[in-house]
Structures are given as structure tokens and as C-alpha cells.
1. Going by the structure shown, is P21 of a type outside the set (S, T, N, Q) and either over 27 Å from the mean Cα position of the chain (by Cα) or surrounded by fewer than 18 Cβ atoms within 10 Å (Cβ to Cβ) (or both)?
2. What is the number of the single condition among (1) among the hydrophobic types (A, V, I, L, M, F, W, C); (2) assigned to a helix (DSSP H, G or I); (3) closer than 14 Å to Y76 by Cα that F133 does not meet?
3. Filter segment 33-71 down to residues that are basic (K, R) and in a strand (DSSP E or B), then give me how many there are.
4. Looking only at segment 148-182, how many residues end up being open to solvent by less than 30 Å² (accessible area, probe 1.4 Å) and in a loop (DSSP other than H, G, I, E, B)?
5. Give the residues of segment 291-300 that are open to solvent by 90 Å² or more (accessible area, probe 1.4 Å) and of a type in the set (D, E, K, R), sorted by residue number.
6. Sort through K407, K375 and tell me the only one that's open to solvent by 70 Å² or more (accessible area, probe 1.4 Å) and either more than 25 Å from the chain's Cα centre (by Cα) or within 30 Å of L159 (Cβ to Cβ) (or both).
7. For segment 301-328, give me the residue count where each residue is open to solvent by 30 Å² or more (accessible area, probe 1.4 Å) and part of a helix (DSSP H, G or I).
8. The conditions are (1) open to solvent by 60 Å² or more (accessible area, probe 1.4 Å); (2) over 24 Å from the mean Cα position of the chain (by Cα); (3) of a type outside the set (S, T, N, Q); (4) within 30 Å of V327 (Cβ to Cβ), and L238 fails exactly one of them. Which is it?
Amino acid sequence: MLDRQIAPDSFMLKELSLTKPKIKDLSNELSVHILEDDTNPVLKIDILFPAGKINDKKPGQSLICAKLMVEGTKSYPGSELQELLDHYGAHLDVSVDFDYTTITLLCLKEHITPLLPVLKSAVTEPLFDLGDFEKIKLQQLQKIRVNNQKNALIATKNLRKNLLNGTPYANTLEEEYLNDINKDDIEQYYNQYFTLKPNIIVAGDFDHDILNFLEEHLGMLEFSNDTAQYTGKLSPLLDDNLIKREGSVQASVRMGAISIPRNHPDYFDLNIANEILGGYFGSRLMRNIREDKGYTYGIYSVLINYKHLDYHIIGADVKIDHVEDTVKEVYKEMEALKTKLVPEEEIETIKNYMLGKIASSLDTVFHQSENYKVKLSEGADYIDYFDNYVNKIRNITAERILEISKKYFSEKYCVVKVA
């Protein structure tokens with residue numbers, strides 16, 4: 001009989017079981033990156049364009065353009081497009097990041113024949129209806145007005161403006177920018193950036209017939225081999241900023257410093273040190289500032305990586321009387337990592353947590369395709385990246401964490417407090 005008072009045997013993850021991508025080229029040299037899994041008869045097709053928010057001449061161009069592309073096309077106007085997707089239980093969506101934009105079709109494999117032309121139509125002949133433009137613009141304006149009442153979002157936006165100063169990554173979407181955008185700006189963005197050569201990522205129940213169908217519908221399209229140009233010269237403003245808001249009952253704190261890219265030799269070790277600092281529920285910042293001091297319900301520390309720059313951000317919503325105390329305690333925890341070896345028990349805990357986190361983030365072929373998309377946009381090898389990551393976690397030592405903390409947690413931080 002099972003004795004539930006005895007914990008089951010545990011072991012540390014040794015390696016990941018990743019779907020090895022296959023790459024096929026269509027006649028027009030578009031690369032199709034294939035992650036096969038016939039567990040379920042479902043397909044997810046991502047068309048990944050190498051342009052995003054950093055390419056806006058007017059902040060908001062890329063976002064509104066992409067959203068309009070899936071609202072209606074010349075072949076499938078407005079309601080007809082939505083009715084077709086509803087009929088087949090399919091999902092056509094768009095995501096706009098700073099460095100790239102993704103148009104996604106998710107559907108049952110058996111419905112790909114009527115639905116792939118819809119994806120092609122969204123990419124090649126968006127309708128850009130004036131009514132849809134005004135509707136999306138109004139939605140975004142309302143979203144901005146709501147967000148501008150939230151201390152947390154005000155703090156994050158101001159941290160980005162200061163820390164990433166001089167680069168398009170510092171741009172934030174504001175009401176005055178949206179009011180300045182017209183439909184011509186959207187069409188101009190589309191003509192400049194959605195004509196650039198994309199990558200295609202297909203995940204799920206793939207076979208040769210699907211490849212032939214992609215060739216039939218996408219293999220004859222013409223795209224430019226030009227690249228989106230990046231203009232920006234990073235000039236961080238590393239000040240301590242206090243923004244007073246009348247009637248606030250809770251404060252928000254954000255701290256940030258410029259960091260290193262994912263392909264840097266120190267990146268994995270720094271990521272492990274950051275997890276110990278504030279990357280999970282049992283982290284030092286959580287134990288100190290939430291559990292011991294009771295200043296906050298939660299605090300986080302995360303490394304953010306873009307194509308052209310990288311930064312470290314620490315954030316928390318705290319009791320309004322403990323803003324300065326929170327900042328001091330954050331510096332205190334960073335100082336501890338720089339001066340004292342992390343106990344072996346804590347290292348074993350973080351190893352198991354991080355390995356489990358990686359495994360759960362890659363547990364389906366669709367999760368793997370999302371990770372693959374990021375690695376593809378960064379020019380990194382997907383399999384090697386995660387193999388190296390697992391190896392680094394398994395072999396990290398207290399001495400290495402001390403060394404890496406001294407090197408990177410000694411940076412000067414930009415601080416934004418909204419109270």
C-alpha cells in the first residue's frame with residue numbers, strides 16, 4: 001500500500017526531448033521551419049516578419065497595421081472573414097513585438113484547404129477598411145486611458161523611457177501619438193515592412209501534402225530581401241525618479257540596468273543568479289520583501305532581451321509608506337549575492353525549479369514553436385541553446401554565482417517610484 005507520508009523519489013532532469021526542426025524552402029526561397037507532432041490533428045502556422053514596433057515612424061503604426069490585417073481582406077471582407085473562421089473553429093491572430101510581427105493561423109489539419117488562402121489573403125491583400133481603422137484606434141485609445149491610471153504601468157513606461165533613452169525601445173504608445181496616425185500611415189508601414197521576406201514556422205500534424213499546399217499558395221509570392229534598418233544610440237538616464245500621483249493608495253517601484261544578450265557567454269549563469277534573486281516564488285526578494293517585511297504581495301526580477309539591446313528589471317507594487325525601504329532591501333539582497341556564497345541547499349532548489357520550468361515551457365510542440373520563433377529571430381540554434389542551458393543549470397556552483405553577481409549586480413540602476 002502506498003505510504004503518502006514518504007515523498008516519491010526525485011531526480012534532476014538530464015536532457016530535454018525536443019522536436020528537431022526540419023527546414024524546407026519554397027520556390028521563392030521562403031524557408032518553412034517544421035516541427036512535426038502527429039499527436040493531435042492540429043496545425044499552427046506562423047508567418048514571422050522581421051519588423052515590429054522599433055520600426056514605427058509614428059508610435060502605434062505597426063500595432064494598428066497588424067491588427068487591421070486580420071480584421072478583413074479584399075477577398076474576405078470583415079464579417080465574412082470572421083464567419084469563415086467561426087465555421088471551421090479556427091483562429092487567425094497577430095502579435096506585434098518590438099523586433100518582429102507574427103501572423104498566426106491555428107486550425108484542424110482537415111480544414112487547412114479552405115483556411116490557408118485566408119492566411120495568404122491577410123498577408124497579401126489586407127482591406128484596411130476606414131471603419132475598422134477607427135474602431136481599432138478607439139480601442140487602443142481606451143486601453144491607454146485605462147493603463148495611464150495604473151501606477152504599475154506608469155512606472156514601467158517611465159523606466160523604459162529613461163533606461164532605454166536614445167533608442168526606439170524607449171517609445172511608449174501615448175494618446176497624442178495615436179491621434180496623429182491616419183490610415184495612410186498604416187498603409188505606408190504595410191508597404192514598407194510586410195513586403196520584407198518572412199520566415200514560416202509550422203508546428204503540429206505536418207505531412208508532405210501540407211508542404212505542397214504551402215508551395216501552391218505561398219511559394220509564388222514575391223518578397224524583398226532587404227532588412228529593416230535599426231537606428232538608435234543608447235544613452236541611459238540612470239537617475240532616481242519619484243512620480244507623485246494624487247490619491248494613490250499603493251506605490252509601484254521599478255529598477256533597471258542595461259544587461260547582456262542571450263548569446264553572451266555569461267548569460268545562462270546570470271539568468272540563474274537572477275532566478276535566485278527574484279525570479280520565482282521562493283526567491284530572496286520574495287522571502288525578504290513579501291514574507292519577512294510584508295511590503296508587497298509580489299516582487300519580480302527578470303532579464304529582458306531584444307534584438308539590439310538587453311536589460312534587467314526589478315519590479316513590485318508596495319505599500320506606499322515603504323517605497324524607499326523596498327529599494328534599500330533590493331540593493332541589500334544584491335549585495336548579499338555579491339559577498340556570500342549561496343548555500344548548497346538553495347542551489348539544489350533553484351536547479352530543480354529551473355529545469356522543471358524549462359521542461360514545462362517546452363512540453364507541447366506549440367510551446368516549442370514559440371521558443372523556436374524567438375531563437376530564429378535572434379539567429380540562435382534552438383537545440384544547442386536549450387542543451388547548453390540545461391548543462392549550465394546542472395553544473396552551476398556557488399562560486400560561479402558569486403562571481404557573476406559581482407560582475408553584473410554592481411551596475412548602476414535606474415529607479416522609478418510612482419506613489
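1. No; evaluated as a whole, the condition is false for this residue.
2. (3)
3. Keep residues of segment 33-71 that are basic (K, R), which gives 44, 53, 57-58, 67.
The next check asks that each one be in a strand (DSSP E or B); those that pass are 44.
Count: 1.
4. So the count comes out to 5.
5. Correct list: E291, D292.
6. K407
7. Our first condition is that a residue be open to solvent by 30 Å² or more (accessible area, probe 1.4 Å); within segment 301-328, this holds for 302, 304, 306-308, 317, 319-322, 324-325, 328.
After this cut, where a residue has to be part of a helix (DSSP H, G or I) as well, the list is 320-322, 324-325, 328.
Total satisfying the criteria: 6.
8. With (1) open to solvent by 60 Å² or more (accessible area, probe 1.4 Å); (2) over 24 Å from the mean Cα position of the chain (by Cα); (3) of a type outside the set (S, T, N, Q); (4) within 30 Å of V327 (Cβ to Cβ) applied to L238, the lone miss is (1).
The values are calculated or read from the model by the stated rules, or taken from the named source; none is laboratory data. Because the structure is a prediction, the values reported are computed rather than measured. With ideal geometry, Cβ positions are generated from the backbone for all residues, glycine too; neighbour counts draw on all protein chains shown. Surface accessibility is based on the protein's heavy atoms, side chains included, excluding ligands, DNA and RNA. Shrake-Rupley method; radii C 1.70, N 1.55, O 1.52, S 1.80 Å.
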